[in-house]
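Colleague: Below you'll find the structure I mean.
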Amino acid sequence: MKLSNSAPNSSDNLLSRMAPEIAVTFSPAQVQALQVALTPRRHPVNIRLSLPLGITRVYLVVLAGTELRSPDRLRQSAVQHPLWTPMNLLVMAGTTGLGILALLAMMQITNTDLSQVFNPRAAPAGIPFKADRSSCEESGRTWREGSCLDFGHDPTF
């Protein structure tokens, strides 16, 4: 039974899944009560994603808002939908791991001197024709460990 001039909703879907001989026994008032009871409320946070995962797709739903359920209903829900299942643990561990990796990556980026990444300092160039310390230092270069090094050359050379 469907109310006229109404879009398909949860109660219509419920009635269509029932045996026809039972669905016709609902009065219009009962159908309307079903519509009110089955209409989902609006949550402040309502994220619904469909994600490709290999050859299939998975969906992710995150709903958040003020808890309005009674303690009895919360206990019943906890029994019907336990939190600590193997798949839930796997998802929580994966999410935690990805969060830690993202945090470590951000810390690494903030601790990296980006000016050295984009503007590298010149590496010293060995000057083979300066074989002694005095001639090396006279030319403005550095004598180190028996070699004459030039720290001031153009890195694009």
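Colleague: Could you compute the FRET efficiency for residue 92 and residue 25, with r as their C-beta to C-beta distance and R0 at 41 Å, rounded to 0.05?
Modeller: So, using R0 = 41 Å, E works out to roughly 0.35.
Colleague: Place a point 7 Å from the Cα of residue 59 along the Cα-to-Cβ direction; which residues of region 9-50 have their backbone N under 12 Å from it?
Modeller: From region 9-50, the list is 48-50.
Colleague: Another one. Long-range amide H contacts for residue 143: which residues qualify at under 5 Å (H placed 1.01 Å from N, peptide plane, sequence gap of 5 or more or a different chain)?
Modeller: HN-HN under 5 Å from residue 143: 149.
Colleague: Sticking with this structure for a sec: What is the distance in Å between the Cα centroid of region 57-73 and that of region 21-53?
Modeller: 15 Å
Colleague: In region 31-113, which trypsin sites (Lys or Arg not before Pro) are in a loop and have at most 11 other Cβ atoms within 10 Å, using DSSP for the loop call?
Modeller: Those that pass, being in a loop and sparsely packed, are 41, 42, 69.
Read-outs: derived from the displayed coordinates by stated rules, not from any lab. Note that the structure is predicted; figures quoted are calculated from it, not measured. Every residue, glycine among them, receives a Cβ derived from its backbone with ideal geometry; neighbour counts consider all protein chains shown.
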